[in-house]
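A quick write-up on the structure given underneath.
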Amino acid sequence: MLAWQNRPLDAAYPVILIDAIVIKVREGQVANRPVYVALGITMDGQRDVLGMWMGPSGEILHQMQYQVV
């Protein structure tokens, strides 16, 4: 995993795609959480996963909606 995180990236990616899939995660209770993936396509057409990260649960986003004034 560390080798993948520290690998050199291309200087530029003409296309960058960001997508997400929602999975169930157990954190004391089961919650739906999005997993985001950033994918870059090189000039040669190769696909590189640039990063992956887990977003907040839908419940947290729902609560934040009411806290913004």
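Read-outs: derived from the displayed coordinates by stated rules, not from any lab. Keep in mind the model is a prediction, meaning the values are calculated, not measured. FYI the Cβ positions are ideal-geometry reconstructions off the backbone, even for glycines, and counts take in every protein chain you see.
Normalising the average separation of contacting C-alpha pairs (under 8 angstrom, six or more residues apart) by the number of residues puts the relative contact order of the range 1-50 at 32 percent.
Karplus-based coupling profile of the range 35-40, in residue order and whole Hz: 10, 8, 10, 9, 10, x, with θ = phi - 60° in 6.51 cos²θ - 1.76 cosθ + 1.60 and x standing for Gly or Pro. In this simple spin-label model, placing a label point 7 Å from the Cα along the Cα-to-Cβ direction at both Val15 and Gln46 gives a separation of 1.7 nm.
Couplings 3J(HN,Hα) for the range 49-54, derived from phi with the Karplus relation 6.51 cos²θ - 1.76 cosθ + 1.60 (θ = phi - 60°), are 6, 8, x, 9, 8, 9 Hz, where x marks Gly and Pro.
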